[in-house]
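The values are calculated or read from the model by the stated rules, or taken from the named source; none is laboratory data. Quick caveat: nothing in here was measured; it's all calculated off a predicted structure. Cβ placement follows ideal geometry from the backbone for every residue including glycine, while neighbour counts extend to all protein chains displayed.
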Amino acid sequence: MTNAAILLGDLVHPGAIATSLDAPDKYAAIESLVDLLIAAGDLPAEFREHATGIVSAREHSLSTGMEHGIALPHAASDRIDRRIAALATAPEGIPWDSLDGSPARLIILLISPRREFNIHVRTLAGISHLLNRNAFVESLVAAPDPEALHDLIQDEESGSWFERFRRRLQGH
């Protein structure tokens, strides 16, 4: 596995980032993030229903709402050949059935090829570790635009603490 397998900054790009997402519920937010992937050219439009369906089905089975306003909706698909991700901030929050009951203010959608299950799990672990600091999450939610948000992620992932985590995760 390469280091890029767990780096959010390599998976998501400014074209797949939205700031100030406004959605009435988590399923509408998932649809918006899938539409963002399509608009960014990361997902063919004919896969919209499939992508929305598999992520929503995963969400119905078990909420991906974590603590501190973070949601990580995700799924695996036989129809895609590479990991794709979209990210949105929702400063007002979106109801998400989170572990701590807080609305989601930072949502990261990840779809991976089914054949890469181990990498998918490692990627989720890397994203979770990255978002483990509340001050960092708050800086992401407050980012004024997609480029600034992406820069914050890349800066954080280039830190030595995160490099040590990646090496541990990869078994080095």
Q) If Ile108 satisfies every condition in (1) modelled with pLDDT of 90 or more; (2) crowded, with 17+ Cβ neighbours inside 10 Å; (3) within 21 Å of Leu43 (Cβ to Cβ); (4) more than 11 Å from the chain's Cα centre (by Cα) but one, which is the exception? A) (4)
Q | Residue satisfying condition, being modelled with pLDDT of 95 or more, crowded, with 17+ Cβ neighbours inside 10 Å and either over 22 Å from Gln154 (Cα atoms) or not acidic (Asp, Glu) (or both), within set Ile6, Ile30 | A | Ile30
Q: Evaluate the following for Arg105: is it without any contact (Cβ under 8 Å) to a residue 60 or more places away in the chain and not aromatic (Phe, Trp, Tyr)?
A: yes
**Q.** Wholly enclosed strands (runs of 3 or more DSSP E) of region 71-160 bearing at least 1 residues of a type in the set (Val, Ile, Thr)
**A.** 84-94, 104-113
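Regarding Val12, is this residue β-branched (Val, Ile, Thr) and under 27 Å from Gly159 (Cα atoms)? It would help to see each step written out before you state the result.
Values: β-branched (Val, Ile, Thr): yes; under 27 Å from Gly159 (Cα atoms): yes.
Answer is yes for this residue.
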Q: Note down all Cβ pairs under 7 Å where the first residue falls in region 28-49 and is assigned to a helix (DSSP H, G or I), the second is surrounded by fewer than 16 Cβ atoms within 10 Å (Cβ to Cβ), and they're at least six residues apart or on different chains.
A: Val34/Arg48; Ile38/Ala45; Ile38/Arg48; Phe47/Arg79
Q) Leu72 is checked against (1) farther than 23 Å from Ala39 by Cα; (2) modelled with pLDDT of 95 or more and fails just one. What number does that condition carry? A) (1)
Q.
With the requirement that a residue be assigned to a helix (DSSP H, G or I) and either among the aromatic types (Phe, Trp, Tyr) or under 15 Å from the mean Cα position of the chain (by Cα) (or both), what does region 55-69 give you?
A. Val55, Ser56, Arg58, Glu59
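For region 110-128, enumerate the residues that are out of contact with any Leu (no Cβ under 8 Å at 6 or more places or on another chain) and farther than 16 Å from Ile54 by Cβ. Can you show your working first?
Filtering region 110-128 down to residues out of contact with any Leu (no Cβ under 8 Å at 6 or more places or on another chain) leaves 112-119, 121.
Across region 110-128, the qualifying residues are Asn118, Ile119, Val121.
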